[in-house]
Amino acid sequence: MSSDWTDHGEETTNPGETGPDAEVASPTVECCIDNLDPDSRQAIEASEASVDIRYCLQRCGRCYKEPFFVVDGEALTGADHATLLETLESGVTHDA
């Protein structure tokens, strides 16, 4: 029985691989429109970061409590959205 997940010999890049042929995958970043003030929304739209602004991310408790983005499925929180944008643009999205 064959599986959709079978490796068919296609070249892949390991997450820790570096070098001239290593592809850098950009993170999937989402935010809830209800978690943004107008200044934060303008900052996101003007930034280099690719942020998908959605109506609801099903994280209402966090949404009412603090500024956050969802990066590759994990919440990234900060003092404000400007700080979160700086973190995204610096490439640091997970705690060390």
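The values are calculated or read from the model by the stated rules, or taken from the named source; none is laboratory data. Being a predicted model, the structure only gives us computed values, none of them experimental. Because the Cβ atoms are built from the backbone with ideal geometry, glycine has one as well, and the counts that use them run over all protein chains shown. Please note that ligands, DNA and RNA were not included when accessible areas were found on the heavy atoms of the full protein model with its side chains. Shrake-Rupley method; radii C 1.70, N 1.55, O 1.52, S 1.80 Å.
Below are the figures for this structure:
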read-out	value
Single unsatisfied condition, Ser47 versus (1) under 12 Å from the mean Cα position of the chain (by Cα); (2) at pLDDT below 90	(1)
Any hit, segment 52-67, residues being within 15 Å of the chain's Cα centre (by Cα), free of Cβ contacts under 8 Å to residues at least 12 places away in the same chain and open to solvent by 60 Å² or more (accessible area, probe 1.4 Å)	no
